[in-house]
Structure formats: C-alpha cells, structure tokens
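Only one structure is covered here, and it is reproduced in the block below.
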Amino acid sequence: MTQAALQFVTPLTFQALSGYPVQTDLLTPEADYAMGHIELARWADVLLIAPATANVLAKLSHGLADDLLSTLYLVAECPVYVAPAMNQAMWHKPVTQQNLKRLQQHGVILIGPESGEQACGDIGFGRMSEPTSICQQIMSESCSRILLGKKILITAGPTREAIDPVRYITNRSSGKMGYALAAAAVAAGAEVTLVSGPVALTAPPAAHTLNVETAAQMYATVMQQVQHCDIFIAAAAVADYTPQEGQPSKIKKQAEQTTLILLKTQDILAAVAALPNAPFSVGFAAETDDLEKHALDKLQRKRVNMIAANWVGREQGGFESDQNALQVFWKNGQHAIAMMDKAQLAEQLIHLIAAQFHKE
Ligand code: CTP
C-alpha cells in the first residue's frame with residue numbers, strides 16, 4: 001500500500017481481509033527483516049498495481065523509486081500489470097496518456113479502465129475494472145505464457161514407406177492432433193519445431209516446419225533437431241515396419257500370392273527418451289483394448305515422462321476425426337480429458353505437459 005492508499009484504508013483492514021501481511025514502507029527494520037523489497041520483487045510471479053493512480057503511472061514511467069511500490073516496479077522482472085483508476089479528465093490528459101504509452105512500450109500490461117460513474121460524480125473513462133475481471137485477465141494471460149521461451153519438438157502425421165516407385169505403406173493418421181499441439185504450444189509461448197509426415201494441413205506460421213516422408217527420414221530429422229529442446233512430443237503415427245528394400249522399378253503382378261518382407265523401423269520416441277540429456281518426452285498410444293495396461297507398459301518400456309492414450313476403432317474420436325478423448329498417464333498420476341475438439345484437447349494437453357514439465 002502506498003501512503004495515498006493508507007489515507008483510504010488501514011493496513012489492518014487489508015491484512016484481515018486478505019489474510020496476508022501488508023507492506024507499506026521501503027525502509028523499515030521489520031519489513032527488511034521479514035522480506036526486503038528486493039526479495040519481495042523476486043518472490044512475485046506477477047506484479048499488479050490496482051488501483052494505479054495518475055501519479056503512480058507518472059512515477060513509474062519516469063523511473064522514480066521513492067517508495068516501496070515504485071521501487072518494487074523497478075526491481076521486478078516478472079510481468080507487470082496496471083489497472084488505472086482516476087478521474088476521467090485526468091485519464092484523458094495527454095501527459096497521462098503519454099506516461100501510459102511509455103509504460104506499455106516497456107512491457108507493462110494495461111487492464112481497463114472502464115467507463116461509468118466515478119467517485120467524484122463525473123461520468124467517463126477512469127473507473128478501475130472489477131477485481132474479478134482483473135484476476136481473470138491475469139490468470140488467462142499467465143496461463144497462456146506457460147511455455148514462454150521453451151523449445152518444443154513435435155512429430156505429426158503418418159509416414160510413407162515405399163514398396164516400389166508407385167506404391168507405399170501408410171496409415172490413417174491425419175496429423176490433426178500433432179498440428180493442433182504445435183498451434184497450442186506456439187500460443188503457450190514456446191518455440192516450436194514441427195517434423196511432419198505427408199498431411200493435407202497448414203502448419204502454424206510461427207512453427208518451424210520440416211517435411212519428411214519416411215520413418216527413417218523422420219528419425220534422422222528428429223535426431224538433428226532434438227539437441228537443446230526442452231520437450232519432445234511424439235504425435236506422429238510412425239510406421240513400425242518398412243519394406244526390406246524399396247524396389248527400384250514397379251513390381252509387376254505375376255504370382256497368385258506374394259510376400260513382402262518388412263523390417264522394424266527405429267523407435268524415434270524411445271531413442272529420444274534414451275538420450276543422455278533427454279528432453280521431457282511425451283508419447284501417444286492408440287489402443288483397441290486394455291488401454292491403461294498398454295499405456296503404462298509403454299510409459300515404462302520407452303522410459304518416457306508421459307503417455308497420452310486414446311481408443312481407436314471406436315465410433316467417436318481417433319485418427320481421422322476432428323475430436324478425440326485422452327487418458328494421460330505419468331509416473332505418479334493420470335488425468336482424463338473428455339471427448340472434445342482436437343484444438344481444445346491440444347490446449348489442455350499442452351497445459352498438462354507444461355505443469356508436469358515444470359514439476360520435474
Ligand atoms: N513412435 C515413434 N517411432 C516409431 C514408432 C512409434 O516415435 N517408430 C511413437 C509414436 O509417435 C507414439 C508412440 O511411439 O508416440 C507409440 O507408438 P506405438 O506404435 O503405438 O507403440 P509401440 O511401442 O509400437 O506399441 P504397439 O505397436 O505394441 O502398440
């Protein structure tokens with residue numbers, strides 16, 4: 001609380017209502033003994049100044065640090081929000097708007113003000129936004145930045161394994177889940193590299209997209225890109241087997257029966273998870289039966305941090321669908337995400353991954 005705030009409400013009222021100690025002074029022996037202003041600024045995930053008066057905006061925009069609040073602002077490295085509250089004429093005054101613009105240029109995020117009846121009787125802009133809407137805006141913005149600066153590598157789509165120059169083996173994967181995850185990760189502030197098999201989708205423009213065709217190409221590209229990445233999400237439906245050797249010329253039909261010899265491909269997810277500095281690795285499991293058993297088995301066998309399992313071969317959801325439901329497993333927990341649009345599902349999965357990633 002600033003000295004001006006103390007004229008309106010006592011610290012005791014605030015302390016009783018919030019259940020937290022109230023700090024008012026920059027240099028008091030008790031405050032410094034409990035938590036000095038530098039520690040206080042370091043401790044905060046977010047700094048919100050509400051109500052922010054014209055005077056506070058002016059001080060902050062010019063870097064003055066003559067009380068606890070303005071000093072906290074200078075020390076804070078976390079996101080800073082201001083919720084202005086002032087008379088409408090003060091709000092419209094060019095100097096106030098200039099101060100605000102300066103603060104916004106320095107990254108301060110503005111919430112409100114709203115228009116309406118003011119304490120002084122005027123009607124106009126300058127009313128502080130409602131506390132609940134201020135909290136909602138901060139919550140949604142800080143949630144959406146949950147992977148700020150993190151590097152995420154995602155595989156998506158099917159692979160194509162050539163039998164001869166005109167034929168190949170592939171699967172029903174549309175790539176929708178992997179692409180939705182790439183979009184959700186970009187929205188969460190991550191730097192995204194998408195390694196994609198052949199699909200008919202447009203990649204999020206902010207993602208760095210590398211197109212591949214075969215399981216071997218996907219393996220090589222992932223291994224090239226995986227260094228320095230924080231999270232790896234294997235959403236691709238990689239062929240488990242590939243023809244022994246792609247025939248150089250078209251195979252002619254002759255015999256009544258023919259046999260294709262298939263060789264196992266390299267498991268990209270398991271290979272990434274086994275790297276010495278492995279990123280937080282997330283795999284998918286598409287199962288027709290015993291979902292939990294198979295998913296937990298994959299979690300252990302591939303030594304990954306998380307497995308997102310879904311049913312396939314059922315009426316709703318799965319490979320080509322726009323919707324899906326997931327049962328997500330990690331070492332000591334699980335979480336079900338109900339049937340929903342893949343874009344929303346991806347958003348929820350990214351939040352779940354981010355929460356576990358930050359814990360481990
Ligand atoms: N995966 C991979 N590379 C492969 C095969 C699979 O990266 N060559 C990844 C998939 O992207 C997915 C996960 O591994 O995230 C699960 O793949 P799946 O084929 O279902 O698992 P398998 O271990 O092959 O088990 P099974 O065939 O018995 O279901």
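Considering only residues in region 87-128 that are polar (S, T, N, Q) and within 22 Å of A44 (Cα to Cα), the one that is most open to solvent (accessible area, probe 1.4 Å) turns out to be Q105. Look at region 206-223: where a residue is more than 24 Å from A187 (Cβ to Cβ) and a partner is of a type in the set (S, T, N, Q) and open to solvent by 50 Å² or more (accessible area, probe 1.4 Å), sitting 6+ places away or on another chain with Cβ atoms under 8 Å, you get A215/Q266; A216/Q266; Y219/Q266. Among the residues of region 336-351, is there at least one that is closer than 19 Å to A236 by Cβ, within 19 Å of the chain's Cα centre (by Cα) and basic (K, R)? Yes: one or more hits.
Quick check: is even one residue across region 281-290 farther than 16 Å from Y219 by Cβ and either more than 13 Å from the ligand (Cβ to nearest atom) or touching an Asp or Glu at 6+ places or on another chain (Cβ under 8 Å) (or both)?
No, region 281-290 contains no residue that is farther than 16 Å from Y219 by Cβ and either more than 13 Å from the ligand (Cβ to nearest atom) or touching an Asp or Glu at 6+ places or on another chain (Cβ under 8 Å) (or both).
No other residue among K298, K359 is open to solvent by 20 Å² or more (accessible area, probe 1.4 Å), among the basic types (K, R) and farther than 21 Å from A236 by Cβ apart from K359.
Restricting attention to region 330-349, the residues being without any contact (Cβ under 8 Å) to a residue 60 or more places away in the chain and closer than 22 Å to D297 by Cα number 8. Residues that are more than 24 Å from P204 (Cα to Cα) and modelled with pLDDT of 90 or more within region 311-350 comprise Q327, V328, F329, W330, K331, G333, Q334, H335, A336, listed in sequence order. When region 37-72 is filtered for residues that are within 22 Å of P21 (Cα to Cα), open to solvent by 30 Å² or more (accessible area, probe 1.4 Å) and in contact with a strand residue (DSSP E or B) (Cβ under 9 Å, 6 or more places away or on another chain), the ones remaining, listed by number, are V46, L48, A50, P51, L69.
What helices (runs of 4 or more DSSP H), lying completely within region 157-276, carry at least 2 residues that are surrounded by 14 or more Cβ atoms within 10 Å (Cβ to Cβ) and more than 15 Å from the ligand (Cβ to nearest atom)? Before the answer, list the steps.
On the way: elements: 176-187, 215-225, 268-273.
The qualifying helices (runs of 4 or more DSSP H) are 176-187.
Among the numbered conditions (1) buried (at least 18 other Cβ atoms within 10 Å of the Cβ); (2) without any contact (Cβ under 8 Å) to a residue 24 or more places away in the chain, the only one that K293 does not meet is (1). The residue pairs whose first member lies in region 127-148 and is free of Cβ contacts under 8 Å to residues at least 24 places away in the same chain, whose second member is open to solvent by 70 Å² or more (accessible area, probe 1.4 Å), and whose beta carbons are closer than 8 Å, counting only pairs six or more residues apart or on different chains, are E130/E114.
At least 3 residues being within 33 Å of the chain's Cα centre (by Cα) is the threshold, and among the strands (runs of 3 or more DSSP E) wholly inside region 46-140 those reaching it are 47-52, 80-84. Kindly indicate whether any position in region 301-321 is within 13 Å of the ligand (Cβ to nearest atom) and in a helix (DSSP H, G or I). There is at least one residue in region 301-321 that is within 13 Å of the ligand (Cβ to nearest atom) and in a helix (DSSP H, G or I).
Would you call L269 modelled with pLDDT of 95 or more and out of contact with any helix residue (DSSP H, G or I) (no Cβ under 7 Å at 6 or more places or on another chain)? So L269 fits the description; yes.
The values are calculated or read from the model by the stated rules, or taken from the named source; none is laboratory data. It should be emphasised that the depicted structure is a prediction, and the values quoted were computed from it without experimental measurement. Because the Cβ atoms are built from the backbone with ideal geometry, glycine has one as well, and the counts that use them run over all protein chains shown. Please note that ligands, DNA and RNA were not included when accessible areas were found on the heavy atoms of the full protein model with its side chains. Shrake-Rupley method; radii C 1.70, N 1.55, O 1.52, S 1.80 Å.
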